[in-house]
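Participant: First, the structure itself, so that you have it in front of you.
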Amino acid sequence: MSSPVNVAFETNGSGYMGFLCEYPGAFVRGKTLDEALSKVEHEVKIFKKWLGIDIEQDIVPKVVQIHKSSLKVEDADNEILLNDDKEKMDIKEFEMLADLVTKSAKSTFDIFDNAKYKDWIDSDRDRATFYGHTPKTIREIFEHIDSVQYYYLSRLNIDIPKEGRSFLEGRQIFVEKIASLFNKEGNSRIYSIDNEDWTVKKVLRRFIWHDRIHAKSMVKILRKQKETEIIDSYSDPFYFFMEKGI
């Protein structure tokens, strides 16, 4: 039995970033639209595996939105406000998304916490992007994830100083702050900040997406460490490199 999956894309003509609407935070990338679409089935499978849901076969992607921008999409920069980001959201859906944001943080921290060589330098990652040079160690990547979550919260006009709190403590506070905002205005307001539109739902989605895209980079470094026999095993709770046939 086939399972349709709606995909919203952002492109600058040099790359495509696709967001899977039914799976908040799930994404695909490619130099072309077809290349990105070819990755949808695998992304759905590993996302469901992460959630502990039975894996279905015959995923059928459907392009429902294409947003053209001038951002460095090939470097994962994006601004798209999904049509789904603007939809009304009841408390049940909000709680589901909030739980995913928390689960995503725990999975991300698990990768970092279990990494033995957090400061091992992956010289292949040394390249310039729209936000500067890419982090080259697991620690640098994790610190980037931690700092960006404060940025996402500020997109809803909620500013909290970091003040030395841990990554997981910060994430819990953010979920509580967003829940308070949701209880006041639901998902009805669009925040236009720095030429980009945000909603409560978009911020929650972006938390998960940002965790996943950089957690995958941490796992790639761990795979290199294993291939060079620096380590024997590593943690991959997101199942990023689960075999495509599984």
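Participant: Which order do Phe207, Phe109, Phe142 fall in if you start with the one that has the fewest other Cβ atoms within 10 Å?
Facilitator: The order, fewest Cβ neighbours first, is Phe109, Phe142, Phe207.
Participant: For Ser233 paired with Lys162, estimate the spin-label separation in nm (one decimal), with each label point 7 Å from Cα along the Cα-to-Cβ line.
Facilitator: So the two model labels end up 3.3 nm from each other.
Participant: Tell me, how many Å apart are the Cα centres for the stretch 173-207 and for the stretch 1-50?
Facilitator: Result: 23 Å between the Cα centres.
Participant: Compute the Rg/Rh shape ratio of the stretch 151-193: radius of gyration over Kirkwood radius, all on alpha-carbon atoms.
Facilitator: With Rg and the Kirkwood Rh in hand, the quotient comes to 0.99.
Participant: At Asp90 and Met242, where each label point lies 7 Å from the Cα along Cα→Cβ, what is the point-to-point distance in nanometres?
Facilitator: Result: 2.9 nm between the two label points.
Participant: What ³J(HN,Hα) values, in whole Hz, does the Karplus curve 6.51 cos²θ - 1.76 cosθ + 1.60 give for the stretch 195-200 when θ = phi - 60°, with x put for Gly and Pro?
Facilitator: Each residue's phi maps through the Karplus curve to give 6, 9, 9, 9, 10, 4 Hz.
Participant: Shifting gears a bit: Test of understanding: ordering Val64, Val44 by Cβ neighbours within 10 Å, fewest first, what list do you get?
Facilitator: Listed from fewest to most nearby Cβ atoms, that is Val64, Val44.
Participant: Find how much the distance from Ile190 to Lys106 grows on full extension, using 0.36 nm per residue of separation minus their present alpha carbon separation; answer in nm with one decimal.
Facilitator: So the extension gain works out to 27.4 nm.
Participant: Also: Let's test the formula: R0 of 30 Å, r as the Cβ-Cβ distance of Lys224 and Ile53. What FRET efficiency results, to the nearest 0.05?
Facilitator: Efficiency computed from Cβ-Cβ geometry: 0.50.
Participant: Given N residues in the stretch 87-227, what is Rg(Cα) / (2.2 N^0.38 Å)?
Facilitator: For the stretch 87-227, the normalised Cα radius of gyration comes out at 1.12.
Participant: Please arrange Ile138, Ile66 by how many other C-beta atoms lie within 10 Å of their C-beta, fewest to most.
Facilitator: With the fewest neighbours first, Ile138, Ile66 line up as Ile66, Ile138.
None of the figures in this text is laboratory data; all of them are computed from the coordinates on show. Given the structure is predicted, the values throughout are model-derived calculations rather than measurements. For neighbour counting, all protein chains shown are included, and Cβ atoms are generated from backbone atoms with ideal geometry for every residue, glycine included.
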